[in-house]
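Please read the structure below before turning to the comments.
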Amino acid sequence: MQAMLLKQYMNLELVEMPEPTIGPDDVLVRVRACGICGSDVHGLDGSTGRRLPPLVMGHEAAGEVVEFGASVTDLKAGDRVTFDSTVYCGRCFFCSRGDINLCDNREVLGVSPGPYRRHGAFAEYVSVPRRIMYRLPDNLSYEQAALIEAVSVGVHAVNLTPITLGDTAVVVGSGMIGLLTIQAVKHAGAARVIAVDTDDDRLRRSLELGATDTVNPKSTDAAESAPMESSGQTPPPPPGDAAPPGGGYDYPLTFSVDYPDRSLNRLSTAFRIFTIIPIAILAATIEGGSYGAQAGGEGVRYIGGAIGILVIPVLLMLLFRRKYPRWWYDWNLQLTRFTNRIAVYFALMDDRYPSTDEEQAVHLAFPYPDAERDLSQGLPLVKWLLAIPHYIVLFFLTIGAVFAAIFAWFAILFTGRYPPAVFEYIEGVFRWHNRVTAYVLLLITDRYPQLMAELYPDPQKK
């Protein structure tokens with residue numbers, strides 16, 4: 001079999017190795033997906049001291065059963081499985097109490113601290129004891145299953161925390177585990193999630209994945225952090241020309257769509273104009289019957305604002321009270337995300353049916369504004385007039401996006417793939433629509449959107 005072998009620190013090499021042997025209680029798994037843990041990264045540079053070369057690392061994986069030992073009677077070849085990374089003995093004092101993480105004889109997949117060497121899942125095959133293995137449901141992909149251990153850390157942390165509906169939660173660290181914890185605590189009912197990290201790019205990503213506020217202790221002192229927490233202030237842009245992950249310069253609204261680097265469903269694509277009807281009807285009921293399926297999902301649906309996106313109520317509150325009610329912000333954010341998922345589906349950019357609550361491939365975020373500090377009291381009355389240049393340009397760009405989507409429709413039917421350049425163009429038009437919406441209708445910022453910078457946020461892509 002082929003395996004990624006750590007021959008020496010900072011030297012990973014793809015080599016041929018014999019398939020692992022299995023004992024009576026073991027299962028041979030063909031690895032279909034394997035994640036890269038932070039501990040694997042530190043194993044590569046030798047900083048952990050627990051991955052002595054030569055070693056096949058990797059412990060966050062999923063795959064299918066190929067062969068099993070004589071004592072394994074409840075599995076068959078082809079079963080889809082994932083597994084724990086800790087190999088416990090099941091016989092010692094701690095195992096008998098259920099504290100398997102304290103097992104006297106424990107080993108870890110993809111680890112070689114000295115007393116033992118246990119090759120892991122950066123290989124075509126891996127041998128795993130049946131007692132640490134779990135079957136996968138059919139609707140869970142191998143890639144998703146490879147994330148189960150990491151997701152479990154975040155979910156476990158949330159389960160240990162007494163959270164009630166509407167609480168405020170602080171998640172310190174916005175790496176992979178932190179981002180998963182942010183999503184878990186959001187699903188648990190926290191209305192406000194404050195992400196803390198010293199990396200501004202990570203903080204931007206945390207906003208896309210559910211955080212409402214961010215704090216960077218490296219660039220924000222204690223006096224500044226309090227207003228940032230209350231306002232959801234976006235962190236400053238990274239140095240140089242690097243574009244934030246939501247696309248573009250440092251604008252309060254970030255928007256991006258995951259490119260489907262895979263074969264898309266041709267049947268769903270062919271009949272998209274019909275399959276979208278049920279979710280469009282649902283959106284119309286929320287929007288007061290004014291839903292429009294144009295690029296970005298924005299348009300006449302906002303007129304009036306009493307049902308759907310709250311425009312006039314927010315405008316009146318800003319004019320007379322200098323307030324932006326928090327629950328109005330939450331409603332506008334979630335409804336904007338929902339309608340964008342529908343628009344992206346209609347534009348064939350994702351073949352998963354739009355969810356009413358899951359993020360899916362669409363990442364849209366904007367911070368909660370401090371109305372007294374960040375928003376002008378009278379400017380909302382004339383924003384629609386100031387945005388006329390954007391309306392004119394977007395009118396023609398939207399026509400172009402419609403033709404681009406038609407071209408993509410034929411491309412997907414014949415090749416199964418979405419042309420990357422067309423995808424990037426339509427994504428840019430959607431981003432532009434959303435940022436103009438943020439300025440004129442959502443009223444979450446007084447920052448005037450830049451012409452063309454919205455379409456091509458990265459200078460290298462112009």
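A short reminder: the numbers here are calculations on the coordinates, not readings from a lab. Note that the structure is predicted; figures quoted are calculated from it, not measured. With ideal geometry, Cβ positions are generated from the backbone for all residues, glycine too; neighbour counts draw on all protein chains shown.
For the reader, a short list of remarks on this structure follows.
- Our note on the geometry: Cα centres of the stretch 121-149 and the stretch 363-404, 45 Å apart.
- Residue order, fewest to most surrounding Cβ atoms within 10 angstrom, among 181, 21: 21, 181
- Arranged from fewest to most other beta-carbon atoms within 10 Å of their beta carbon, 160, 375 become 160, 375.
- When the helices of the chain are scored as -39500 (n - 2.57) per DSSP H run of n ≥ 4 and the total is divided over every residue, the value at 222 nm lands at -10500 deg cm²/dmol.
- Rounded to whole numbers, the Karplus 3J(HN,Hα) couplings from phi for the stretch 118-134 are 10, 5, x, 9, 7, 7, 5, 9, 9, 9, 9, x, 4, 5, 10, 10, 9 Hz, using 6.51 cos²θ - 1.76 cosθ + 1.60 with θ = phi - 60°, and x at Gly and Pro.
- Using the Cβ of residue 187 as centre and a radius below 12 Å, the other residues enclosed give a net charge of -2, where K and R count +1 and D and E count -1.
- Per-residue 3J(HN,Hα) values for the stretch 89-100, derived from phi via the Karplus relation 6.51 cos²θ - 1.76 cosθ + 1.60 with θ = phi - 60°, read 7, x, 10, 6, 4, 5, 4, 5, 8, x, 8, 5 Hz in sequence order (x marks Gly and Pro).
- A simple charge model with +1 on the Cβ of Lys and Arg, -1 on the Cβ of Asp and Glu and nothing else charged puts the dipole of the chain at about 660 debye relative to its Cα centre.
- 12 Å beta-carbon shell around residue 374, net charge (K/R +1, D/E -1): 0
- Within straight-line cross-link reach of residue 323, aspartates and glutamates at Cα separation under 17 Å, skipping those fewer than 8 residues along the same chain: 229, 370, 372, 374, 446
- Equivalent-ellipsoid semi-axes for the stretch 150-231 (Cα gyration tensor, √(5λ), whole Å, largest first): 20, 14, 10.
- Burial order of peptide ranges 73-84, 51-62 (average beta-carbon count within 10 Å, highest first): 51-62, 73-84
- Long hydrophobic helices in the chain, taken as whole DSSP H segments with a C-alpha length of 15 Å or more on their own axis and mean Kyte-Doolittle hydropathy at least 0.5: 148-160, 176-187, 388-415.
- A DSSP coil position with no more than 16 other Cβ atoms inside 10 Å describes the following trypsin sites (Lys or Arg not before Pro) in the stretch 343-415: 352.
- Projecting the Cα atoms of 257, 451, 95 onto the charge dipole of the chain (Cβ charges, centred on the Cα centre) puts 451 farthest toward the positive pole.
- Cα-based equivalent ellipsoid of the stretch 322-384: semi-axis lengths in Å, sorted from largest, via gyration tensor: 30, 13, 9
- The stretch 2-146 - Rg and Dmax from Cα coordinates, angstrom: 15.0, 41
- Ellipsoid semi-axes in whole angstrom, largest first, where each is sqrt(5λ) of the Cα gyration tensor of the chain: 45, 27, 21
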